[in-house]
Amino acid sequence: MKAQKTPWKKKKIKSFSFSSLLSIILILTVFGYFAYLLSTGAIRQKQLEAKSIITQAVVIDKKNYFGNSPVSQEFSYSYEFVVDGKKYTGNTRDSKCRIGDIVKIKYVPTNPAFNVKLD
């Protein structure tokens, strides 16, 4: 005689392993970081367009390499300016600028770290 099957089956409950949970957290962190970078860039650009002060800055001896440029050695120098006795820097993004050059920049008065060289 055959044993009767019960009309219901116990379902196995799948649980997340620690490595799965860690992977999900890592992926969310990476996406969150990129979202932060995009939003910061957008906020920075909006503030620079809306309310900025134009001033002069001096090009300093700090190199900023382009892309994978430590191989090709292409770089631009940074510039430095002072607001209320505090020094701030920015990237000229111009390989033609030389140390000691004076460049025009604009910055956000409430956050001088948001600055950009004018052409």
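The values are calculated or read from the model by the stated rules, or taken from the named source; none is laboratory data. For clarity, every value in this text was computed on a predicted model and none was experimentally measured. Backbone-built Cβ (ideal geometry, glycine too); neighbour counts: all protein chains shown.
Observations, loosely collected:
- Residues located in the stretch 70-109, provided they are without any contact (Cβ under 8 Å) to a residue 40 or more places away in the chain and part of a loop (DSSP other than H, G, I, E, B): GLN73, GLU74, ASP84, GLY85, THR92, ARG93, ASP94, SER95, LYS96, CYS97, ARG98
- Scanning the stretch 35-82 for residues that are more than 18 Å from LYS96 (Cβ to Cβ) and among the polar types (S, T, N, Q), we see that the one that is surrounded by the most Cβ atoms within 10 Å (Cβ to Cβ) is SER52.
- Once the stretch 100-112 is narrowed to residues that are hydrophobic (A, V, I, L, M, F, W, C) and either modelled with pLDDT of 95 or more or closer than 13 Å to SER78 by Cα (or both), the residue that is surrounded by the most Cβ atoms within 10 Å (Cβ to Cβ) is ILE105.
- Boolean, VAL58 is among the aliphatic types (A, V, I, L, M), at pLDDT 90 or above, in contact with a Cys (Cβ under 8 Å, 6 or more places away or on another chain) and closer than 16 Å to LEU118 by Cβ: no
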